Amino acid sequence: PNEKNVDFSTISEKTYYDADANKVVVNDNTGSTILFFNLPEAVTAGEEIQVTVKGAYTGDSGFRFWIGNGPNNKCEAVKVFNPDYKQGEFEETFALKATDLCEYLTIKGVNSWEGGKNYICGLEITDISIAYPEKN
């Protein structure tokens with residue numbers, strides 16, 4: 001499939017971007033963490049993409065991914081990594097299906113009413129690739 005890497009330098013919150021190591025490091029225990037990146041290619045309603053995320057997790061707050069316009073989710077189902085997600089290095093692949101035009105991939109904390117803490121702490125992301133199976 002047509003696969004492209006997310007450009008971490010497009011991150012909405014530059015304080016979480018380590019340019020020297022080209023990785024994203026989130027240790028925020030102060031508030032509602034939300035950050036988003038430009039998708040390599042926009043996704044239109046009905047299209048599904050495959051997202052592969054590599055990194056390490058040492059936190060207990062959880063995090064979730066969606067596609068949309070940045071702050072707003074425009075996909076059928078959000079991918080949630082629960083607060084009790086395994087510690088250590090990880091690689092996860094999941095599908096996100098657009099319900100509207102999506103230009104951003106968003107990472108946000110898990111809400112407190114869902115068992116999270118609203119923020120993200122202990123997350124390091126070293127790579128995000130997006131496969132566009134419908135754009136071969």
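Taking the condition part of a strand (DSSP E or B) and more than 20 Å from Tyr17 (Cα to Cα), does Ala77 pass?
no
Does at least one position in region 94-103 carry a residue that is of a type in the set (Val, Ile, Thr) and open to solvent by less than 40 Å² (accessible area, probe 1.4 Å)?
no
Where residues in region 57-73 are closer than 18 Å to Asn5 by Cα and not in a loop (DSSP other than H, G, I, E, B), which of them is nearest to the chain's Cα centre (by Cα)?
The extreme case among them is Phe65.
Give the number of residues within region 54-76 that are in contact (Cβ under 8 Å) with a residue 40 or more places away in the chain and under 20 Å from Glu134 (Cα atoms).
Qualifying residue count, region 54-76: 1.
Only one of Glu134, Glu124 is at pLDDT below 95, out of contact with any helix residue (DSSP H, G or I) (no Cβ under 6 Å at 6 or more places or on another chain) and acidic (Asp, Glu); which?
Just one listed residue meets the conditions, Glu134.
Does Asp84 satisfy being at pLDDT below 95, of a type in the set (D, E, K, R) and surrounded by fewer than 16 Cβ atoms within 10 Å (Cβ to Cβ)?
yes
Determine the pairs where a residue that is charged (D, E, K, R), located within region 123-135, has a partner that is not in a strand (DSSP E or B) with Cβ atoms under 7 Å apart, the partner being 6 or more residues away or on another chain.
Pairs that qualify, where the first residue is charged (D, E, K, R) and the partner is not in a strand (DSSP E or B), are Glu134/Glu47.
Can you name the residue in region 125-136 that is touching a Gly at 6+ places or on another chain (Cβ under 8 Å) and open to solvent by less than 60 Å² (accessible area, probe 1.4 Å) and is also nearest to Gly31 (Cα to Cα) among such residues?
Here the answer is Ile125.
The values are calculated or read from the model by the stated rules, or taken from the named source; none is laboratory data. What you are looking at is a predicted structure, and each value in this text was computed from that prediction instead of being measured. Positions of Cβ are backbone-derived with ideal geometry, glycine not excepted, and every protein chain shown enters the neighbour counts. We work out accessible area using only protein heavy atoms, side chains counted, and drop any ligands, DNA or RNA first. Shrake-Rupley method; radii C 1.70, N 1.55, O 1.52, S 1.80 Å.
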